[in-house]
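Participant: One structure coming up, written as structure tokens, with questions to follow.
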Amino acid sequence: MTPQYSLKDLIIYFLKLGTWGFGGPVALVGYMYRDLVDNKKWITEEDYREGLALSQLAPGPLAAQLSIYLGYVHFRILGATLVGIAFVLPSFLMVLLIGYAYVTFGGLPWMQAVFYGVGSAVIGIIAISSYKLTTKSIGKDYLLWGIFIVLAITTFITESEIIWLILAGGFVVWFTKVPPTFTNTPALFSPVLLQLVPSLSSSDKLVQIGWFFTKAGAFVFGSGLAIVPFLYGGVVKEYQWLTEQQFVDAVAVAMITPGPVVITVGFIGYLVAGVPGACVAALATFVPCYLFTVIPAPYFKKYGKHPAIKAFVDGVTAAAIGAIAGAVLVLGKRTLIDIPTVLIALSTAAILFKFKKLQEPFIIIAAAAIGLALKILM
């Protein structure tokens, strides 16, 4: 089927999303659904579901992988490559500028004040995005709702996305709705977990950065937020490239900049080894997730309409959305620390629910101003 849009149109859309898309992976996958499936109708519901399922099954940052898959849907490798670059590039340039300011001026004391307001607003944004994604994708299917609830609860309790439970959701729906005969069912793509090998013993810092961030991109499942504990263990504890405060500031940079949260690797790389470090860290993180998306993508496209595969994808999608909802609760617990932050989050959610066409960047700017004002007054 000939797409109703050009590759240029899709690249421009993802450049804009990478520039203005605040809220982290939960919000970003919601924006893609709202804009590309609901509003523009460039991507079908089935293609979006397949992309979300594959992005959740494969290691790497969720939103970046989904963007790569959506670029692949109609424009194959060229589309996946250019869309992935367009989505990541704006936020990468932003973190480079923030990194330069951070090093030049000896830290960014205003950052925590901005994050106080923006972080609270982000909770409201992702709560609404999660709500829309849930109601649109799951509908009235009680089995899918059961899987959704189980993943939401386990994600909230464990504060991590459990890949095997997500896979189990797919198998439950598959075995319930289309019991396999194991004779005419095409093979499902199953992510292969590569074994971690010992760290490279090299004195070249760029080589160390490249190897560490390759592992970060290749072995961490879940949303971009899932990479944070892995990064902490490496850059603060193992290599001691950053102090605790610098790492906290790096996470804050990821939250107050648009685009994929995992782009904080660019900021970290800049602090460790300047522009070359930022480029190596970003490439090393995103190349594995790119490969984990484009290599299995043809098989998802070829077999995605088979009843067994469709049932499996439906189950994985419900599980993935449940994990996203659980992640919203975890983030809310950590971010909403007092009455002002709770009020900002509730006000954001209410405004977005009421004014559906309101652009999120306006809310982010207002929340940043409120955060700065409150910190000055407090």
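Participant: From the list 73, 118, 122, pick out the single residue that is more than 23 Å from residue 369 (Cβ to Cβ) and either touching a residue at least 40 places away in the same chain (Cβ under 8 Å) or touching a Lys or Arg at 6+ places or on another chain (Cβ under 9 Å) (or both).
Facilitator: Working: 118 fails: more than 23 Å from residue 369 (Cβ to Cβ); 122 fails: more than 23 Å from residue 369 (Cβ to Cβ).
Step by step, each of 73, 118, 122 is checked, and only 73 is more than 23 Å from residue 369 (Cβ to Cβ) and either touching a residue at least 40 places away in the same chain (Cβ under 8 Å) or touching a Lys or Arg at 6+ places or on another chain (Cβ under 9 Å) (or both).
Participant: So, of the residues in the stretch 232-246 that are assigned to a helix (DSSP H, G or I) and modelled with pLDDT of 80 or more, which turns out to be surrounded by the most Cβ atoms within 10 Å (Cβ to Cβ)? Let's see the steps before the verdict.
Facilitator: Our first condition is that a residue be assigned to a helix (DSSP H, G or I); within the stretch 232-246, this holds for 232-238, 244-246.
Right, trim to modelled with pLDDT of 80 or more and you get 234-238, 246.
Working: 234: 21, 235: 26, 236: 18, 237: 10, 238: 12, 246: 17.
For the stretch 232-246, the residue satisfying everything is 235.
Participant: Give 319, 350, 366 a once-over and let me know the one that is surrounded by 19 or more Cβ atoms within 10 Å (Cβ to Cβ), of a type in the set (A, V, I, L, M) and in a helix (DSSP H, G or I). Step through it out loud before you land on a result.
Facilitator: On the way: 350 fails: surrounded by 19 or more Cβ atoms within 10 Å (Cβ to Cβ); 366 fails: surrounded by 19 or more Cβ atoms within 10 Å (Cβ to Cβ).
Among 319, 350, 366, only 319 is surrounded by 19 or more Cβ atoms within 10 Å (Cβ to Cβ), of a type in the set (A, V, I, L, M) and in a helix (DSSP H, G or I).
Participant: Now a separate question. Can you pull out every residue in the stretch 353-363 that is assigned to a helix (DSSP H, G or I) and touching a Phe, Trp or Tyr at 6+ places or on another chain (Cβ under 9 Å)? Break it down into steps so the answer makes sense when it comes.
Facilitator: Restricting attention to the stretch 353-363, the residues satisfying the condition of being assigned to a helix (DSSP H, G or I) are 353-354, 360-363.
Within the stretch 353-363, 353, 360, 361, 363 qualify.
Matching residues to (1) within 30 Å of residue 374 (Cβ to Cβ); (2) under 20 Å from the mean Cα position of the chain (by Cα); (3) at pLDDT 90 or above:
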site	(1), (2), (3)
88	no, yes, yes
97	yes, no, yes
107	yes, no, no
111	yes, no, no
133	no, yes, no
139	no, no, no
144	no, no, yes
153	no, yes, yes
156	yes, yes, no
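Participant: I'm told residue 93 meets every condition in (1) more than 25 Å from residue 364 (Cβ to Cβ); (2) in a helix (DSSP H, G or I); (3) among the aliphatic types (A, V, I, L, M) except one. Can you identify the failing condition by its number?
Facilitator: Of the numbered conditions (1) more than 25 Å from residue 364 (Cβ to Cβ); (2) in a helix (DSSP H, G or I); (3) among the aliphatic types (A, V, I, L, M), the odd one out for residue 93 is (1).
Participant: Can you find even one residue in the stretch 104-111 that is in contact with a Leu (Cβ under 9 Å, 6 or more places away or on another chain) and crowded, with 19+ Cβ neighbours inside 10 Å? If you could, list the steps in order and put the result at the bottom.
Facilitator: First, pick out the residues of the stretch 104-111 that are in contact with a Leu (Cβ under 9 Å, 6 or more places away or on another chain): 110.
After this cut, where a residue has to be crowded, with 19+ Cβ neighbours inside 10 Å as well, the list is none.
The answer is no; no qualifying residue exists.
Participant: Give the number of residues within the stretch 264-295 that are of a type in the set (Val, Ile, Thr), under 17 Å from residue 215 (Cβ atoms) and surrounded by 24 or more Cβ atoms within 10 Å (Cβ to Cβ). Spell out the reasoning first.
Facilitator: Filtering the stretch 264-295 for residues of a type in the set (Val, Ile, Thr) gives 264-265, 268, 272, 275, 280, 285, 287, 293-295.
Filter once more, keeping what is under 17 Å from residue 215 (Cβ atoms): 264-265, 268, 272, 280, 285, 287.
The next check asks that each one be surrounded by 24 or more Cβ atoms within 10 Å (Cβ to Cβ); those that pass are 264-265, 268, 280, 285.
Total meeting the criteria: 5.
Participant: Can you tell me which residue in the stretch 280-307 is farthest from residue 111 (Cα to Cα), limited to those that are of a type in the set (Lys, Arg) and in a helix (DSSP H, G or I)?
Facilitator: Residues of the stretch 280-307 that are of a type in the set (Lys, Arg), as a first pass: 301-302, 305.
Okay, now just the ones that are also in a helix (DSSP H, G or I), so 301-302.
Details: 301: 43, 302: 47 Å.
Restricting to residues being of a type in the set (Lys, Arg) and in a helix (DSSP H, G or I), the top hit is 302.
Participant: Surrounded by 16 or more Cβ atoms within 10 Å (Cβ to Cβ) and either on the phi > 0 side of the Ramachandran plot or assigned to a helix (DSSP H, G or I) (or both): does that describe residue 122? Walk me through how you get there before you give the answer.
Facilitator: On the way: surrounded by 16 or more Cβ atoms within 10 Å (Cβ to Cβ): yes; either on the phi > 0 side of the Ramachandran plot or assigned to a helix (DSSP H, G or I) (or both): yes.
Taking the combined requirement at face value, the residue satisfies it.
Participant: Can you give me the number of residues within the stretch 163-178 that are surrounded by fewer than 18 Cβ atoms within 10 Å (Cβ to Cβ), touching a residue at least 40 places away in the same chain (Cβ under 8 Å) and either hydrophobic (A, V, I, L, M, F, W, C) or under 29 Å from residue 335 (Cα atoms) (or both)?
Facilitator: Selection size over the stretch 163-178: 4.
Participant: State whether the residues of the stretch 119-131 include one that is closer than 15 Å to residue 320 by Cβ, hydroxyl-bearing (Ser, Thr, Tyr) and modelled with pLDDT under 80. I'd like the intermediate steps shown before the answer.
Facilitator: Taking the stretch 119-131 first, the residues closer than 15 Å to residue 320 by Cβ are 126, 129-130.
Keeping just the survivors that are hydroxyl-bearing (Ser, Thr, Tyr) gives 129-130.
If we keep only those that are modelled with pLDDT under 80 too, we end up with 129-130.
Looking for residues that are closer than 15 Å to residue 320 by Cβ, hydroxyl-bearing (Ser, Thr, Tyr) and modelled with pLDDT under 80, one finds at least one in the stretch 119-131, hence yes.
Participant: Being in a helix (DSSP H, G or I), free of Cβ contacts under 8 Å to residues at least 60 places away in the same chain and polar (S, T, N, Q) is the requirement here; does residue 55 meet it? It would help to see each step written out before you state the result.
Facilitator: On the way: in a helix (DSSP H, G or I): yes; free of Cβ contacts under 8 Å to residues at least 60 places away in the same chain: no; polar (S, T, N, Q): yes.
When the stated conditions are applied, residue 55 does not pass them.
Participant: Okay, moving on. Which numbered condition trips up residue 74, out of (1) surrounded by fewer than 20 Cβ atoms within 10 Å (Cβ to Cβ); (2) closer than 15 Å to residue 263 by Cβ?
Facilitator: Against the list (1) surrounded by fewer than 20 Cβ atoms within 10 Å (Cβ to Cβ); (2) closer than 15 Å to residue 263 by Cβ, residue 74 comes up short only on (2).
Participant: Still on this structure, please answer the following. Could you please find all residues in the stretch 135-162 being of a type outside the set (D, E, K, R) and not in a helix (DSSP H, G or I)?
Facilitator: Pass one, the stretch 135-162, residues of a type outside the set (D, E, K, R): 135, 137-139, 142-158, 160, 162.
Result: 139, 160, 162.
Participant: Output the residue which, of all residues in the stretch 298-316 that are of a type in the set (A, V, I, L, M) and crowded, with 24+ Cβ neighbours inside 10 Å, is nearest to residue 144 (Cα to Cα).
Facilitator: Restricting attention to the stretch 298-316, the residues satisfying the condition of being of a type in the set (A, V, I, L, M) are 308-309, 311, 313, 316.
Those still in the list that are crowded, with 24+ Cβ neighbours inside 10 Å too: 309, 313, 316.
Values: 309: 15, 313: 11, 316: 9 Å.
Step by step, filter the stretch 298-316, then rank; the result is 316.
Participant: Exactly one condition in (1) farther than 30 Å from residue 366 by Cα; (2) free of Cβ contacts under 8 Å to residues at least 12 places away in the same chain; (3) within 17 Å of the chain's Cα centre (by Cα) is false for residue 16; which is it?
Facilitator: With respect to (1) farther than 30 Å from residue 366 by Cα; (2) free of Cβ contacts under 8 Å to residues at least 12 places away in the same chain; (3) within 17 Å of the chain's Cα centre (by Cα), residue 16 is out only on (1).
Participant: With under 25 Å from residue 170 (Cα atoms), β-branched (Val, Ile, Thr) and surrounded by 16 or more Cβ atoms within 10 Å (Cβ to Cβ) as the only criterion, which of 68, 11 stands out? Explain how you work it out, then say what you get.
Facilitator: Numbers: 11 fails: under 25 Å from residue 170 (Cα atoms).
Exactly one of 68, 11 is under 25 Å from residue 170 (Cα atoms), β-branched (Val, Ile, Thr) and surrounded by 16 or more Cβ atoms within 10 Å (Cβ to Cβ), namely 68.
Participant: Same structure again: Which number in (1) under 24 Å from residue 248 (Cα atoms); (2) without any contact (Cβ under 8 Å) to a residue 40 or more places away in the chain marks the one condition that residue 66 misses?
Facilitator: (1)
Participant: Of the residues in the stretch 251-279, how many are of a type in the set (Ser, Thr, Tyr), more than 15 Å from residue 234 (Cα to Cα) and in a helix (DSSP H, G or I)? Steps first, answer last, please.
Facilitator: Filtering the stretch 251-279 for residues of a type in the set (Ser, Thr, Tyr) gives 257, 264, 270.
Filter again for more than 15 Å from residue 234 (Cα to Cα), leaving 257, 270.
Next, from what is left, pick out any that are in a helix (DSSP H, G or I): 270.
Matching residues across the stretch 251-279 total 1.
The values are calculated or read from the model by the stated rules, or taken from the named source; none is laboratory data. Just so you know, these numbers come straight off a predicted model, no measurement behind them. Cβ: placed from backbone, ideal geometry, glycine included. Neighbour counts: every protein chain shown.
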